[in-house]
Amino acid sequence: MAQSIHDFHDDPRNADIQIWVNGALKHRSEAVVSVFDSGFVLGDGVWEGLRVVGGQPLFLGAHLDRLFEGAKAIALDIGLDRAALTAAIRATLAANAMTDGVHLRLMVTRGVKRTPYQDPRVTVGPATIVIIPEHKLAKPETLAAGLTLFTVHVRRGHADVLDPKLNSHSKLNCITTCIQATAAGADEALMLDPQGFVATCNSTHFFIVRRGQVWTSSGDYCLGGITRSNVLALCREAGIPAFEKNFSLTEVYSADEAFVTGTFAGLAPVRQIDGRIIGDGQPGAMLQRLQGLYRELVQRDVAARSAA
């Protein structure tokens, strides 16, 4: 049965979470935005997903960098600076007494429009900012079993069509790939770039291991992933040969290992792609080493923020 890397076991505490909506904390049942909001009408906005460990939003600086860069690229005035957003995140976590096993979604849209039309000039208010924290961890059974991927027909596009570097609310291309992968009985979609090289997955970044080397895509056609960047940095620190490069499905099918990365689940194994078993179908030695290094990096980040 197909599963998602973002699957989790329901936590009853999430029924009563407090959600930050434009400066006010609202019970889950009362946390709403206008039907005229730019995000609802058009998917006009940017967002970030963060994990919380030891009371600290992990790699917060990198996430805020990406958020503000995306907002500037689409001429969106968030209305709060980094310090104010950080304070809002911490206030939301404190209101929910959350410290560990938490995933947080920070969403910013252009705000309310006076009519449902795409032109940003019909926006009549400030940006809408929502922070949703949830008690949520990736299912351990999913991480143990590994994922199956299916290569879809929808490609990652050129930057002059819809820049893949934008972490925008407009995710329909990824949604259509998810639908196709699910219909094929797979857990996640593997997407190619316009030249037919491997680019990324619909909601995670993709890596393979070949003869002791770690490969990921050139990065030209995928989001600038925080976990992806951390894995590449860990490889450099540990002396593991790692490359951002073009490679084809032929090289993927014969890889020794494959795995995906993302904020929610960290590093997760891939056991099968397009019906081909990768390696022996079990989490490989390189992945296990990188998972250990990533856990150490998380603890370093928590310790540094706690001491600040």
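Side notes on the structure shown:
- Scanning segment 1-46 for residues that are in contact with an Asp or Glu (Cβ under 8 Å, 6 or more places away or on another chain), small (Gly, Ala, Ser) and more than 13 Å from Ala127 (Cβ to Cβ) returns Ala2, Ser4.
- Some residue of segment 55-76 being assigned to a strand (DSSP E or B) and at pLDDT 95 or above: yes
- Within segment 275-295, not a single residue is in a strand (DSSP E or B), surrounded by 17 or more Cβ atoms within 10 Å (Cβ to Cβ) and in contact with a Phe, Trp or Tyr (Cβ under 9 Å, 6 or more places away or on another chain).
- Whichever residue in segment 14-25 is surrounded by fewer than 13 Cβ atoms within 10 Å (Cβ to Cβ) and in contact with a strand residue (DSSP E or B) (Cβ under 9 Å, 6 or more places away or on another chain) and, among such residues, is farthest from Asn96 (Cα to Cα): Gly23
- Scanning segment 49-74 for residues that are under 21 Å from Val161 (Cα atoms) and touching an Asp or Glu at 6+ places or on another chain (Cβ under 8 Å) yields a total of 5.
- Out of Val52, Val41, Val33, Val46, one residue alone is part of a helix (DSSP H, G or I) and surrounded by 15 or more Cβ atoms within 10 Å (Cβ to Cβ). It is Val41.
- You will find that of Arg114, Arg105, Arg90, the residue that is under 23 Å from Arg228 (Cβ atoms) and among the basic types (Lys, Arg) is Arg105 and no other.
- For segment 250-267, filtering for residues that are surrounded by 16 or more Cβ atoms within 10 Å (Cβ to Cβ), more than 15 Å from Ile226 (Cα to Cα) and not aromatic (Phe, Trp, Tyr) leaves 5.
- Output for segment 91-128, where each listed residue is in contact with a Pro (Cβ under 8 Å, 6 or more places away or on another chain) and farther than 20 Å from Ser34 by Cβ: Thr92, Leu93, Asn96, Met98, Val102, His103, Leu104
- Enumerated strands (runs of 3 or more DSSP E) restricted to segment 77-181, each holding at least 1 residues that are touching an Asp or Glu at 6+ places or on another chain (Cβ under 9 Å) and among the acidic types (Asp, Glu): 128-135
- Considering segment 118-146, and only residues there that are surrounded by 14 or more Cβ atoms within 10 Å (Cβ to Cβ) and small (Gly, Ala, Ser), the residue that is nearest to Gly196 (Cα to Cα) turns out to be Gly146.
- The listed residues are Leu104, Leu149, Leu166, Leu162, and the only one of them that is hydrophobic (A, V, I, L, M, F, W, C), crowded, with 19+ Cβ neighbours inside 10 Å and within 21 Å of Gly70 (Cβ to Cβ) turns out to be Leu104.
The values are calculated or read from the model by the stated rules, or taken from the named source; none is laboratory data. Not measured: the values here are computed from a predicted model. Neighbour counts are summed over all protein chains in view; Cβ atoms, including those assigned to glycine, are modelled from backbone coordinates with ideal geometry.
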